[in-house]
């Protein structure tokens, strides 16, 4: 019984710890294959450390603001790989100039 209590306490500490995920991220690339680019799907980096942290962002809205002031909205659809990147689907595709620019998590 003593072992079970100590395990539960350590699990509580891990789950109550703050996440290092920031509300602003970076557009990394179009979601793509070898010969095809999916224009509405993008890979985003919100400085998550692993797939578990990235999967907590699923379903959240993202916004990209163009230099002209236009706001394009999308939604995080899933994790991408094991290093903390996420996939997002936008209402309209972002322009190519959006790569390496800032994106907000709302």
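Values in this text are rule-based calculations from the coordinates and carry no lab data. All values reported here derive from a predicted model rather than from experimental measurement. Backbone-built Cβ (ideal geometry, glycine too); neighbour counts: all protein chains shown.
Here is how the numbers come out for the structure above:
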quantity: Exposure proxy ranking, count of Cβ atoms within 10 Å, fewest first, for 53, 91; calculated: 91, 53
quantity: 10 Å-binned pair-distance histogram of the stretch 19-105 (Cα, whole percent); calculated: 19, 56, 23, 2
quantity: For the stretch 61-106, convex hull volume per residue from C-alpha positions, Å³; calculated: 82
quantity: Segment residue 23-residue 106, length gained on full extension (0.36 nm per residue, minus Cα span); calculated: 29.1 nm
